[in-house]
Amino acid sequence: MAKKSKNNEQYIIRTGTVCFFLFVFAIVVIYKLVNIQILDINSLANAATAQSIRKKTIQPERGLILDRNNNILATSLIKWDIGARYIDLNDPEKVFSTLSKVLGNTSNYYEKIFKNKEKYYKIKNNISVEKVDQLKKHNLTGLNYKRKIIRHYPFQEIAGQVIGFTNWNNDGKAGVENVFNKYLSGKEGLQIIKKDVKGKTVSSYIPKNAEKKDGGDLFLTLDIDYQTILENELKKAYDKNHPLSAMGMIANPNTGEILAIASYPNFNPNNVSGSNPSQRRNRVISDQFEPGSIFKVIPISAALESDNLTPSSMINCENGEWEIYDRTLHDTHENEWLSLKEIITLSSNIGAAKIAKIEGNESVYETIKKFGFGDPCGIGLNAEVAGYVKPVSQWSKIAYSQIAMGHDITASLLQMVMAYCAVANGGLLLRPYIVKSAYTPENELGYSHDVTVIRRAISKKTSKDLREILENVVTEGTGTNAFILGYKIAGKTGTAQKVIEGKYSRTKYMSSFIGFFPSNKPVLVCGITLDSPTYGRHFGSIAAAPAVKNVFTRIINTTDFENLYDWIKPENKTELLENKKTNVEINNSIFTSIEKRKNTDTNKISTNKRNKKSIVEQRKSNDNKVRVIMPDLIGHSYSQAKYILTKLNLQVHTNKITGRIIKQKPQAGNMIYSNSDCYLTVSGDN
Amino acid sequence: MKTDNKNPLVIKIFIITLILLIGLGIVMQYSASNKIALEKTGKSYYFLLLHLKHLLMGILICITFLFIDYKQIKKTVILLFGITFLIIIVPIIKKVTTNSSSPARWFSIGSSSIQTSEVARLFLIIFLANYITKHNSKITDFKKGFLPAFAIIIIFIILIALQPDFSSAFIIYFICMVTLYVGGAKFSHIMSVSSLMGVLGFIYVRIEPYRWKRVLTFLDPSDTKNSGYQIHQSLISLSNGGIFGQGIGNSMGKNLFLPEANTDFIFSIIGEELGFIGSTLFIALFFILFFSMHKIAKHVKNQFGQLIIFSTALSIIIYALFNAAVCSGIGPVTGLPMPFVSYSGSQILINGLLLGIVFNIYLQERKSIKWEK
């Protein structure tokens, strides 16, 4: 018994010793764990993240750029790049045959891509979402799909210089793409991906507040149809007159909205690398030149404004040759006495110089500055030039004569057109703008621009006088090539010698025409300048005026032409219709091509945003409507007016059914959709 | 003195801890193995199902031995010796005759197989308990008491080392020596033979390049790409766990970064998903299990039963601590499983069997046990 208890005693002591050592062992393990897990002595905690966690940025979709009728000018297409390592393919045969089925090429072609079985190869780039969906249905293991977003411009080269383009990283690099990049670009998203040792994705998630935000949309004042017409006419003028370049713009003189703006040769923003910088430049805002006779309205308006002269004031034009100091001014026509109106109509240099002389340097200079010359217009695009106006204190003794005919001064076409807008709209210099509104990625209004009056340049009366004078230019002066029967077109030609190596060239001219219509209440101003057209065709009246005429004619023709012209006097109609038919055909062909592009491209746009969807729908519903220009019905009998409006497919509302029209709504020249309501006020007496 | 026929608190703690460990083992086994299973078989639950099958078999064998009188086992020691010897020698002979290069660690009948070192562990625990009980007075005698027992032990240790499975040989030798020490053998005897064994063991390790490399890697684990890769990944996983862990299922290491994540390195996954708190509590669970068994053993009057309970408890906690030590870089990389958690059918089976015997001992002896307060 004693032995037993002694045994037991020994057992307890010895097991106790074992327990103690086990305890020590455990303490050592836990001490090590403290070092590893809490103190991280080998700083390995980050190694786990480094080897298994990949952060992936998710590109947002860039916002849309839309024209005033919600046509999509710039969109983002989702494309996929696929690639693989041969060793990752579970069933290479199946993969290759599926690839060839879906993407074309033989399966042998795909097999040959993998020269090294361990290396990663790109299989094909820029695959459409549909094709990728098809591929994904086959459950091919080992293929790596990489999503990317490509900027796409459905209208190709049209409006390319205004819209601009983006780089590989979807950052706007030119045009409104660049200026409004912060609204368009959106916010990159972040995805955390957990990978296994072979690089395969185990799981992935998007952290809070790291979701991608698609860019906001940008709404332009541009009208893509007008833009198309303008660019087409610039090209035609270019092909006909062989200038170095052609530029032009269309603006709404009542608001300052730019409806079209372009220079030619142009470029396709879908293929930026295939163009050179001179094609990408928006010359209308970035080129300054001596404007020539189109500038004559400025000194004239100074004279009219100060009441020194009236449109009928007579000036001695020296039979076409006038010496001042060492220079001799020439006119193309030899007249002795011309009225102020005739001086503009015939574009007399001597007359303009004399008017400027009568008015005085100070007054002329002041008017020039009032029209905004020498200052940028503030259109809000990059590279806008200010032009150069010599301060009046530095004017030489003959400066007034040079400036009066648009020399010794530089301006951009944009500045010239805005000056004509002021002439057209009753005297207000407006700030031109091309972006109506921009939305933030959160879909809130981030920027908007409305009509901005910079200052009154001239009085309403002067404006009215000038409009009449400029209408005369087109009906019987240098601008007859811009005449359109049935519409009151006003405008001014300009043929300015270019300064080449410090001297006025005798063969290179800047050939311009700026016109607006209808002249009594203008709705559109269009200016076109050709840089150095072929000598002989270098006159503004020959090279530029017909182009402006064509632009106006075709804009009028966006309506159903034959019906629209029913209200024109019968004797003019036959000729008009003759003239129009050809235009309609051209129009039809160009618009069918626009339609085609719209249909093929816009359908691909992902319309994940509510507002985008509605935009597209709205656009589609607009497409079904024919646009017409409201005719001038004042003075017509009610039955005549009703006939015209019914032909145009407009709804007629009136107070009376006999008598003459004294008031109409909408006003003549307004662009309206067919089937809209028209309200006519008919006078009491028949 | 108060006698209490009802089950005392200690047995409840013992069983609850055991259930906790098995339950945690199921969860961690699935968490650690799903990715490997998916990669190897296409089914993420492949290893989980096998693990559950092993546990079921372990429980069945445990219940079976619960009903077998442990004293009867004494009589079968010679038979057991023969069976164990056969089981362990057959694969080795097979290996030698076929000149195979793969280790001869498994004895298979039909499609099922068992790790022979586990069978040797079972036999040696029973054998030592029986030998010490029988030759109680002679155990302090080197020639008559200690040496014969050591001879039997050394036969199996050498056979296991020849498989080759050095880590199992080492840990089983260690368990045997501690059992002899607890059973009354002289410390000086144990130390003298063990130093000899140490020299032999060193030679054994030194002559085989891969074993030596493991030791060198342990001493200088800077080559994290090749030889030090496993331990480096194990430490990364543990570090990644931090104090509170990444949460169950969120281990990085199990995504094939850490090899053997569901067997030899499962402790690293536990540490990564449950953090320092989890890994420490996990070790604590094994200590609770050990001390509850130790307390039961202390009160068992029958020395044979007492020794079996103690060496069973010892072998469980030693495996657990060695596994944790290897995972945390304290020892060189070995292939020792974490009891109840690692994917190792043989160990679950043998531990189940041993625990069955332990329960039987407890059930038979509890009437005579006087539980002290």
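Filtering segment A:312-340 to residues that are farther than 21 Å from A:A399 by Cα and surrounded by 20 or more Cβ atoms within 10 Å (Cβ to Cβ) leaves only A:L338.
When the residues of segment B:132-149 are narrowed to those that are part of a helix (DSSP H, G or I) and open to solvent by less than 20 Å² (accessible area, probe 1.4 Å), which ends up nearest to B:T84 (Cα to Cα)?
First, the residues of segment B:132-149 that are part of a helix (DSSP H, G or I): B:132-134, B:142-149.
Right, trim to open to solvent by less than 20 Å² (accessible area, probe 1.4 Å) and you get B:132, B:145-146, B:149.
Numbers: B:I132: 20, B:G145: 22, B:F146: 21, B:A149: 16 Å.
Among residues in segment B:132-149 that are part of a helix (DSSP H, G or I) and open to solvent by less than 20 Å² (accessible area, probe 1.4 Å), the one nearest to B:T84 (Cα to Cα) is B:A149.
Quick one: in segment A:144-161, of everything that is aliphatic (A, V, I, L, M) and farther than 18 Å from A:R280 by Cα, which residue is least open to solvent (accessible area, probe 1.4 Å)? Within segment A:144-161, the match that is least open to solvent (accessible area, probe 1.4 Å) is A:I149. Filtered by the rule that a residue be in a helix (DSSP H, G or I) and open to solvent by 20 Å² or more (accessible area, probe 1.4 Å), segment A:360-383 gives A:N361, A:E362, A:S363, A:Y365, A:E366, A:K369, A:K370. Among the conditions (1) basic (K, R); (2) surrounded by 18 or more Cβ atoms within 10 Å (Cβ to Cβ); (3) more than 14 Å from chain B (Cβ to nearest Cβ), A:K187 misses just one, which is (2). Within segment A:295-311, the set of residues being among the small types (G, A, S) and open to solvent by less than 10 Å² (accessible area, probe 1.4 Å) comprises A:S301, A:A302, A:A303. Taken together, the residues in segment A:48-68 that are open to solvent by 30 Å² or more (accessible area, probe 1.4 Å) and either of a type in the set (G, A, S) or more than 9 Å from every other protein chain (Cβ to nearest Cβ) (or both) amount to 8. Considering segment A:190-218, the residues that are surrounded by 23 or more Cβ atoms within 10 Å (Cβ to Cβ) and out of contact with any Pro (no Cβ under 8 Å at 6 or more places or on another chain) include one that is farthest from A:R85 (Cα to Cα), namely A:L218.
Among the residues making up segment B:10-46, those that are among the small types (G, A, S) and touching a Lys or Arg at 6+ places or on another chain (Cβ under 9 Å) are B:S31, B:A32, B:S33, B:A37, B:S44. Where helices (runs of 4 or more DSSP H) fall wholly inside segment B:257-373, the ranges with 3 or more residues that are among the small types (G, A, S) and surrounded by 24 or more Cβ atoms within 10 Å (Cβ to Cβ) are B:266-299, B:303-327.
Please work out if B:L196 is farther than 16 Å from A:N42 by Cα, in a helix (DSSP H, G or I) and not hydroxyl-bearing (S, T, Y). Spelling it out, B:L196 is indeed farther than 16 Å from A:N42 by Cα, in a helix (DSSP H, G or I) and not hydroxyl-bearing (S, T, Y).
Filtering segment A:4-13 for residues that are more than 7 Å from chain B (Cβ to nearest Cβ), farther than 30 Å from B:L180 by Cα, open to solvent by 40 Å² or more (accessible area, probe 1.4 Å) and modelled with pLDDT under 90 leaves an empty set. Under 14 Å from the mean Cα position of the chain (by Cα) and at the interface with another protein chain (Cβ under 9 Å from one of its Cβ atoms), is that true of B:F310? Judged against the criteria, B:F310 is a match. Taken over segment B:323-373, residues that are of a type outside the set (F, W, Y), over 20 Å from the mean Cα position of the chain (by Cα) and farther than 22 Å from B:T84 by Cβ amount to 10.
Are any residues in segment B:155-193 closer than 30 Å to A:E9 by Cβ, part of a helix (DSSP H, G or I) and open to solvent by 30 Å² or more (accessible area, probe 1.4 Å), and if so, which ones? Those that are closer than 30 Å to A:E9 by Cβ, part of a helix (DSSP H, G or I) and open to solvent by 30 Å² or more (accessible area, probe 1.4 Å): B:F174, B:Y181, B:F187, B:S188, B:M191, B:S192.
How about segment A:459-474: which of its residues are open to solvent by less than 10 Å² (accessible area, probe 1.4 Å), within 11 Å of A:G427 (Cα to Cα) and under 30 Å from the mean Cα position of the chain (by Cα)? Full working, then the answer.
Quick first cut of segment A:459-474, residues open to solvent by less than 10 Å² (accessible area, probe 1.4 Å) only: A:462-463, A:466, A:469-470, A:473-474.
From what is left, the residues that are within 11 Å of A:G427 (Cα to Cα) are A:462-463, A:466.
Hit for segment A:459-474 is A:S463, nothing else.
Scanning segment A:74-87 for any residue that is in contact (Cβ under 8 Å) with a residue 40 or more places away in the chain, away from chain B (no Cβ under 14 Å), outside any strand (DSSP E or B) and crowded, with 19+ Cβ neighbours inside 10 Å turns up nothing. All of B:K53, B:K2 fail the test of being at pLDDT 95 or above and charged (D, E, K, R), apart from B:K53.
Within segment B:201-218, restricting attention to residues that are out of contact with any helix residue (DSSP H, G or I) (no Cβ under 9 Å at 6 or more places or on another chain) and either surrounded by 14 or more Cβ atoms within 10 Å (Cβ to Cβ) or of a type outside the set (V, I, T) (or both), which residue is farthest from the other protein chains (Cβ to nearest Cβ)? Going through the qualifying residues, I end up with B:P209. Do we have A:E442 as open to solvent by 60 Å² or more (accessible area, probe 1.4 Å), under 28 Å from the mean Cα position of the chain (by Cα) and at pLDDT below 90 here? Yes. Residues that are at the interface with chain B (Cβ under 7 Å from one of its Cβ atoms) and open to solvent by 50 Å² or more (accessible area, probe 1.4 Å) were ranked within segment A:33-43; the one that is farthest from B:I318 (Cα to Cα) is A:N42. Can you spot a residue in segment A:96-109 that is more than 30 Å from B:F267 (Cβ to Cβ), among the polar types (S, T, N, Q), part of a helix (DSSP H, G or I) and at the interface with chain B (Cβ under 9 Å from one of its Cβ atoms)? Looking through segment A:96-109, none of the residues is more than 30 Å from B:F267 (Cβ to Cβ), among the polar types (S, T, N, Q), part of a helix (DSSP H, G or I) and at the interface with chain B (Cβ under 9 Å from one of its Cβ atoms).
Restricting attention to segment B:246-287, and to residues there that are of a type in the set (D, E, K, R) and within 20 Å of B:S227 (Cα to Cα), which single residue is farthest from the other protein chains (Cβ to nearest Cβ)? Spell out the reasoning first.
We begin by selecting, within segment B:246-287, every residue of a type in the set (D, E, K, R); these are B:254, B:260, B:264, B:272-273.
From what is left, the residues that are within 20 Å of B:S227 (Cα to Cα) are B:254, B:260, B:264.
Values: B:K254: 9, B:E260: 13, B:D264: 16 Å.
In this case the residue turns out to be B:D264.
Among the residues here, B:F107 does not qualify as open to solvent by less than 80 Å² (accessible area, probe 1.4 Å) and either farther than 30 Å from B:Y210 by Cα or part of a helix (DSSP H, G or I) (or both).
Can you work out which of the residues in segment B:219-236 that are part of a helix (DSSP H, G or I) and surrounded by fewer than 18 Cβ atoms within 10 Å (Cβ to Cβ) is nearest to the other protein chains (Cβ to nearest Cβ)?
Restricting attention to segment B:219-236, the residues satisfying the condition of being part of a helix (DSSP H, G or I) are B:219, B:229-236.
So of that shortlist, the ones also surrounded by fewer than 18 Cβ atoms within 10 Å (Cβ to Cβ) come out as B:219, B:229.
Working: B:L219: 16, B:Y229: 10 Å.
So the residue we want is B:Y229.
Name the single residue that is surrounded by the most Cβ atoms within 10 Å (Cβ to Cβ) among those in segment A:162-181 being of a type in the set (D, E, K, R) and under 14 Å from A:I150 (Cα atoms). Let's see the steps before the verdict.
Initial filter on segment A:162-181 (of a type in the set (D, E, K, R)): A:171, A:173, A:177.
If we keep only those that are under 14 Å from A:I150 (Cα atoms) as well, we get A:171, A:177.
Values: A:D171: 13, A:E177: 26.
Ranking the candidates gives A:E177 first.
Restricting attention to segment A:20-32, the residues that are more than 7 Å from every other protein chain (Cβ to nearest Cβ) and either within 30 Å of B:K134 (Cβ to Cβ) or open to solvent by less than 40 Å² (accessible area, probe 1.4 Å) (or both) total 2.
With respect to (1) within 30 Å of A:K195 (Cβ to Cβ); (2) in contact (Cβ under 8 Å) with a residue 60 or more places away in the chain; (3) part of a helix (DSSP H, G or I); (4) not hydrophobic (A, V, I, L, M, F, W, C), the lone exception for B:N240 is condition (2).
The values are calculated or read from the model by the stated rules, or taken from the named source; none is laboratory data. On a predicted model such as this, the values are computed, not experimentally measured, just so you know. Note that each Cβ is placed from the backbone with ideal geometry, even for glycine, and that neighbours are counted across all protein chains shown. To get the accessible areas, we keep the full protein, side chains included, count just its heavy atoms, and leave off ligands, DNA and RNA. Shrake-Rupley method; radii C 1.70, N 1.55, O 1.52, S 1.80 Å.
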